[in-house]
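Here the structure comes first, spelled out in structure tokens, and everything after it is commentary.
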């Protein structure tokens, strides 16, 4: 004989009610687990990104080392080899063909070859490494737009001028008598000006970033 609902309730008591009315623990657990059913997946999604400043610092440090190596060690040795004549790379005011001839005569073929080797190694790595590091610095400070490109422009032109200067000087010193110094002198002057403008562009980028952060601080203050 089938039992009435009241009889079934008296027999099963709380078990029957719990089986029908209790919410599923799996449902609550899935909600607590977060998206994808993985406990704590929302908190785990927030992971610290790599710090690009480490790359910038390393690049600038390596550039400073190469600059010091060339300025304090290599170029003074070349100056001694040439009998006290300053190297064309350092003459930011330019130089004449006659001056290049004096350097070539003092150098001789061996000295000109060593000078050429330095141009192809350390004096090629430095402008490329400096430009890459400086462009990363500027890019980390400024958002995409015309201001960033304006600050990048002297850096890009500096690389072109510096590498072109190396080729022009080496081509002029490859023969005796030397070739014309017009292009090499122009690139030396341009390189010097563009290097200073590149340094200024990096400083401007840092200043603009700091000003932007200061303007955001009052808006970011907690309320209530």
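Ranked by the mean number of other Cβ atoms within 10 Å per residue, highest first, peptides 99-107, 142-150 order as 99-107, 142-150. Can you pull the percent of Cα pairs in region 52-214 with separation above 18 Å? Taking all Cα-Cα pairs of region 52-214, the fraction more than 18 Å apart is 61 percent. Given in Å, the Rg to one decimal and the Dmax to the nearest whole number for the Cα atoms of region 110-160 are 14.8, 49.
Since every read-out is calculated from the coordinates, none of them should be taken as a lab result. Since we're looking at a predicted model, the values are computed, not measured. Glycine also receives a Cβ, built like all others from the backbone with ideal geometry; neighbour counts cover every protein chain displayed.
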